[in-house]
1. Only one of Val101, Val46, Val57 is touching a residue at least 24 places away in the same chain (Cβ under 8 Å), closer than 20 Å to Leu353 by Cα and open to solvent by 10 Å² or more (accessible area, probe 1.4 Å). Can you tell me which?
2. So for the range 346-358 (the condition being open to solvent by less than 30 Å² (accessible area, probe 1.4 Å), of a type in the set (Gly, Ala, Ser), closer than 30 Å to Phe65 by Cα and more than 24 Å from the chain's Cα centre (by Cα)), does at least one residue qualify?
3. Please count how many residues of the range 268-291 are open to solvent by 40 Å² or more (accessible area, probe 1.4 Å) and among the hydroxyl-bearing types (Ser, Thr, Tyr).
4. Under 8 Å by Cβ, and 6 or more places apart or on different chains, what pairs join a residue from the range 255-267 that is free of Cβ contacts under 8 Å to residues at least 60 places away in the same chain and over 11 Å from Tyr242 (Cβ atoms) with one that is open to solvent by 10 Å² or more (accessible area, probe 1.4 Å) and part of a helix (DSSP H, G or I)?
5. Give me the pairs: first residue in the range 194-221 and surrounded by fewer than 17 Cβ atoms within 10 Å (Cβ to Cβ) and in a loop (DSSP other than H, G, I, E, B), second residue hydrophobic (A, V, I, L, M, F, W, C) and modelled with pLDDT under 70, beta-carbon distance under 8 Å, and six or more apart or on different chains, which are they?
6. Quick check on the range 292-317: of everything there that is within 17 Å of Phe135 (Cα to Cα) and assigned to a loop (DSSP other than H, G, I, E, B), which residue is most open to solvent (accessible area, probe 1.4 Å)?
7. Just the residues that are touching a Leu at 6+ places or on another chain (Cβ under 7 Å) and under 20 Å from Tyr333 (Cα atoms), please, taken from the range 123-137.
Amino acid sequence: MQYQRTLGPIQGIAMTVTTFVGTGLMILPAMSVAQAGSFAFYAWLVTALVIVPVAFVFSLLGSRFPSAGGASHYIGKVLGQKAERAVGWLFLSILLVGPAVAIKVAAAYLAIVLDVSESSLFLLSSITLVGMLLFSIAGMKNSANFQTGVVVCLIGTVLGLFILSDVSISHLTVQQPTNWGEWESTLLATGTIFWCFLGIEVMAHMGSEFKNPSRDFPIALLGGIALVVLLYLATVLMIAHYQVYGDELTNSQSLALLVGALLGEEARRWFALGAYVIAFSNVGAYILGFARMVQSMASQQALPSYFASLSKQGTPIRAVTFVGVMCLLSLLYIEFFSAQMEWLIEMTNGAFLLIYLLTCATALKSLGQKRRWLSALATISCLIMALFVGQNMWFAGFVFALALAWEHVKTRNPPMMEDKIHVQ
């Protein structure tokens, strides 16, 4: 089956931008300024340079070996089925740390709308989670178009704010690191900023859909990433200039606080409502994606077959419930152990980064001799980013090693596994 070649460079740029703009725009600029101060501008540039070769590797893999399996499929082609299934488990492990961040961001904006204190965030997070689960169960056939629309509105709002603001690139908001201590704080911030580019594996599904892939795809990819970085840099400048960053709650509400500084309190609350809708729809789709992964793994007997069933409308209700329980446990952990969002973001980054590293490393063989230099550059880029993420890479390494061991045990004892499945 061949993909329809319908995309031009403009459509490709639009798809790239909407892939990377969402909840991250509401928190990452403020977090990067809180971490790196006036050096945050350069932290974003460094992250963009690191991510470009990785994006090209995924695009080349997608155009040459189109597969719905994405990264796990490409890794499995070289490292075998055990590694492919282990990557599936690694993707699933992100459920423990990833969605909770976006749910808390959504709850922070809802707190502005309702004018309640920080002490209500857990309750608002729980209510938001329930709503997102219902959103996922409903399916919403037009959710993709809806998400694209709200992302376009968010981009338009940020551009409008930038035009209204009196931000100028000066020594007060942007400084170039000049010694190792300054570069160290700059580079460490990239470990958080990397969250902006999660989802780059989506690029693998775009390559074969261009009318002229060799000409249009590089334009779309580079143009899209450039626009995303410019959008985030504009937000970084405004947040640094108006000083709407600091603690975790302030960072989570940074865009609404920026709107308040520019347009007043009434505009701040209306923007917070819009931001909540955007975060709600993004994470709702994110949860549904996880649920479909759970359902797929259950249908392949990697998880109990109980989660493989679908409703009459084709929605994996049991899998959605499982995802909801995992998200609730994550929120409870944050509440009772005071886990920092920065830590959760970097744990999520570590898991994705290991997947990207394995994909780029296996691309050394998959893409052949002519493209080996690009695969090597992308692999080195992932290794450099792994240094910035630091010790939070251990979570991803532990989960992947545990998953490989589990797959090895399953293949050594197939009769026992079959008996377990029959009992269930």
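The values are calculated or read from the model by the stated rules, or taken from the named source; none is laboratory data. Just so we're clear, the structure is a prediction, and the values are computed from it rather than from any experiment. Ideal geometry is used to build each Cβ from the backbone, glycine not excepted, and the neighbour counts take in all protein chains shown. Note: areas computed on protein heavy atoms with side chains; ligands, DNA, RNA excluded. Shrake-Rupley method; radii C 1.70, N 1.55, O 1.52, S 1.80 Å.
1. Details: Val101 fails: open to solvent by 10 Å² or more (accessible area, probe 1.4 Å); Val57 fails: open to solvent by 10 Å² or more (accessible area, probe 1.4 Å).
Among Val101, Val46, Val57, only Val46 is touching a residue at least 24 places away in the same chain (Cβ under 8 Å), closer than 20 Å to Leu353 by Cα and open to solvent by 10 Å² or more (accessible area, probe 1.4 Å).
2. Among the residues of the range 346-358, not one is open to solvent by less than 30 Å² (accessible area, probe 1.4 Å), of a type in the set (Gly, Ala, Ser), closer than 30 Å to Phe65 by Cα and more than 24 Å from the chain's Cα centre (by Cα), which makes the answer no.
3. Result for the range 268-291: 1.
4. That search, which allows pairs on different chains as well, returns Ala267/Gly260.
5. Lys211/Leu7
6. Checked the range 292-317; the qualifying residue most open to solvent (accessible area, probe 1.4 Å) is Lys312.
7. In the first step, residues of the range 123-137 are kept if they are touching a Leu at 6+ places or on another chain (Cβ under 7 Å); the result is 124-126, 128-129, 136.
Scanning the range 123-137 gives Leu124, Ser125, Ser126, Thr128, Leu129.
For (1) in a helix (DSSP H, G or I); (2) modelled with pLDDT under 75, each residue gets a yes or a no:
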| site | (1), (2) |
| --- | --- |
| Asn145 | yes, yes |
| Thr148 | yes, yes |
| Val152 | yes, no |
| Thr157 | yes, no |
| Leu161 | yes, no |
| Ser168 | no, yes |
| Leu172 | no, yes |
